[in-house]
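For reference, the structure discussed in these notes is given below.
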Amino acid sequence: MTQYIFHSDCRYFKGFMPCKPHKDYGVVCNNCDYYDKTTGIILIIKLGAIGDVIRTTTLLPRIKKEFPDKKIWWLTYSPEVIPKIVDNVFGYNSPSIEILKSIDFDLVINLDKDLEAVALAKNLKTKELKGFTLQDNVPFYANHQAEHKYLTGLFDDLNKSNQLSYPEEIYQICGWEFNKEEYILDINLEYEWQINNENKTIIGLNTGCGARWVSRLWSDNNWIELIKLIQDNNFFPILLGGKQEDEKNRYFQTQTNALYLGYFDLDKFISLVNKCDIVVSAVTMGMHIAIALRKQLILMNNIFNPKEFELYGRGEIVMPDKECKCFFSPKCKNPEYFCMDYLSPNTIFNAILRANKNLKNL
């Protein structure tokens, strides 16, 4: 019998099935140009909503730079958005947790303070833990660099005065300086959109805000007025959203004749956003997708600290003329007025004009 050797320290080694270079090219370990020696594993724990997971990918370029010989693993509720440069992706479930508890990690970076995340982080075998853990039966920071992010999550006054963006905060947790490292998002190029925009600049209008966060909802009348402003000034609007925005977007289409193609699975939605030149959105998954795709973004914000968002110099954040008194609240608690009524379509449209000028200067 032929004696086979194998390199269990290779980045491509599986141990339970043939590796990709062997399947693709028929190579074997004693004669393989694809051998990529690794010396350990780094685990990222970011469960969270899809948008939060997407914006956390800003860490990946720096991790690859600092630890080129380490494998990167990721545990998440949203494995579908983790880019291919991550070596192993785990959906949050019992089998995944059992596997992770059996691994010897070099570094665990846990960026979630939910009980399931901190409890797991505390019980993993790792040389170093950064981010958050469990202490005295409650979430706590695991290293002193995570204290700032921990405290801003507890006290609204600290959150409001915070001057760091989310990427700066998670870089701080890791002990690094943020140097405008971009989000990473893989794009499925199999979708070919046929959009007859007549060479007009395409403005993607992401009309939703999530069922929970209705405090950031913009009125139907404002959306319709904005669409008409866009059309009257020779731009091409496309209505974007998910299933819960379908009825709203169909209504906008009947009122304005703006293009609405429907709602789609995540890959197809990402590819549609990629067809846009400028995106208008509240703080949503669609906003993070637009940032990851390096689009000009007009971000409507009212209940979050605007310093939280890193737009990488592409677009701007617009706020209502009247102060929002419902900081970080899903529902408006102000009996006097609803602040989003004081964000006018003209304000958004003027921001679109500035973004379009930026496009022409690229």
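Taken together, the values in this text are just the output of simple stated rules run on the coordinates, not laboratory data. The model shown is predicted, which means the values in this text are computed figures rather than measured ones. Here the Cβ positions follow ideal geometry from the backbone for every residue, glycine too, while neighbour counts run over all protein chains shown.
State log₁₀ I(q)/I(0) for segment 252-314 at q = 0.26, 0.27 Å⁻¹ as given by the Debye formula over alpha-carbon point scatterers of equal weight, solvent excluded.
-1.17, -1.21
Where does each of Lys357, Lys160, Lys307 land when they are ranked from fewest to most other beta-carbon atoms within 10 angstrom?
Working: Lys357 10, Lys160 13, Lys307 16.
Sorted ascending by nearby Cβ count, the order is Lys357, Lys160, Lys307.
Taking other Cβ within 10 Å of each residue's Cβ, how do Glu245, Glu323 sort, fewest first? Present the calculation step by step, with values, prior to reporting the outcome.
On the way: Glu245 21, Glu323 13.
Placing the least packed residue first, the sequence is Glu323, Glu245.
If you bin every alpha carbon distance in segment 210-341 into 10 Å steps from zero, what whole percent lands in each bin?
12, 40, 39, 9, 0
Give me Thr347, Thr133 ranked fewest to most by other Cβ atoms within 10 Å of their Cβ, as a rough exposure proxy. All intermediate terms of the calculation are to be shown ahead of the outcome.
Working: Thr347 18, Thr133 23.
The most exposed by this proxy come first: Thr347, Thr133.
Classify the chain as rounded, prolate or oblate, taking a ≥ b ≥ c as the square roots of the eigenvalues of its Cα gyration tensor: rounded when a/c is under 1.5, otherwise prolate if a/b is larger than b/c and oblate if not. Intermediate results must be reported in sequence, preceding the final value.
Working: a/c = 2.36, a/b = 1.49, b/c = 1.59.
Because a/c hits 1.5 or more and a/b fails to exceed b/c, the chain counts as oblate.
Roughly what % of Cα-Cα distances in segment 41-174 sit above 25 Å, to the whole percent? The partial results should precede the final answer.
On the way: 1709 of 8911 pairs.
The answer is 19 percent, as a whole percent.
Across segment 130-276, how many lysine pairs, 8 or more apart or on two chains, come within less than 25 Å at their alpha-carbon atoms?
So the count of such lysine pairs works out to 18.
When a/c reaches 1.5 or more, the comparison of a/b and b/c decides; with that in mind, is segment 163-228 rounded, prolate or oblate per its Cα gyration tensor? Don't skip to the end; give the middle numbers.
Working: a/c = 2.61, a/b = 1.43, b/c = 1.82.
Oblate.
Percent relative contact order of segment 224-304, based on C-alpha pairs within less than 8 angstrom and at least six residues apart? Write out the running numbers ahead of the final one.
Working: 81 pairs, mean separation 17.3, N = 81.
RCO, segment 224-304: 21 percent.
When the helices in the chain are scored as -39500 (n - 2.57) per DSSP H run of 4 or longer and the sum is shared across all residues, what 222 nm value do you end up with, to the nearest 500 deg cm²/dmol? Spell out each step's value before the answer.
Working: 13 runs with 116 residues, N = 362.
For the chain, the value works out to -9000 deg cm²/dmol.
Roughly speaking, what is the centre-to-centre gap between segment 258-284 and segment 133-183 when only Cα atoms are used, to the nearest Å?
31
Taking a ≥ b ≥ c as the square roots of the eigenvalues of the Cα gyration tensor of segment 141-183, is the shape rounded (a/c under 1.5), prolate (a/b larger than b/c) or oblate? It would help to have the intermediate numbers written out before the result.
Numbers: a/c = 2.76, a/b = 1.38, b/c = 2.00.
Cα axes put segment 141-183 in the oblate bin.
Any idea what the relative contact order of the chain is, in percent, if you count C-alpha pairs under 8 Å spaced at least 6 apart? Intermediate results must be reported in sequence, preceding the final value.
Working: 627 pairs, mean separation 48.0, N = 362.
Result for the chain is 13 percent.
Summing +1 for each Lys or Arg and -1 for each Asp or Glu, what net charge is found among the other residues whose Cβ lies under 14 Å from the Cβ of Lys357? Intermediate results must be reported in sequence, preceding the final value.
Values: positive: Arg314, Arg354, Lys360; negative: Asp277, Glu316.
Local charge sum for Lys357: +1.
Which Cys in the chain stand alone, with every other cysteine's Cβ at 4.7 Å or more from theirs?
Cys10, Cys19, Cys29, Cys32, Cys174, Cys209, Cys276, Cys326, Cys332
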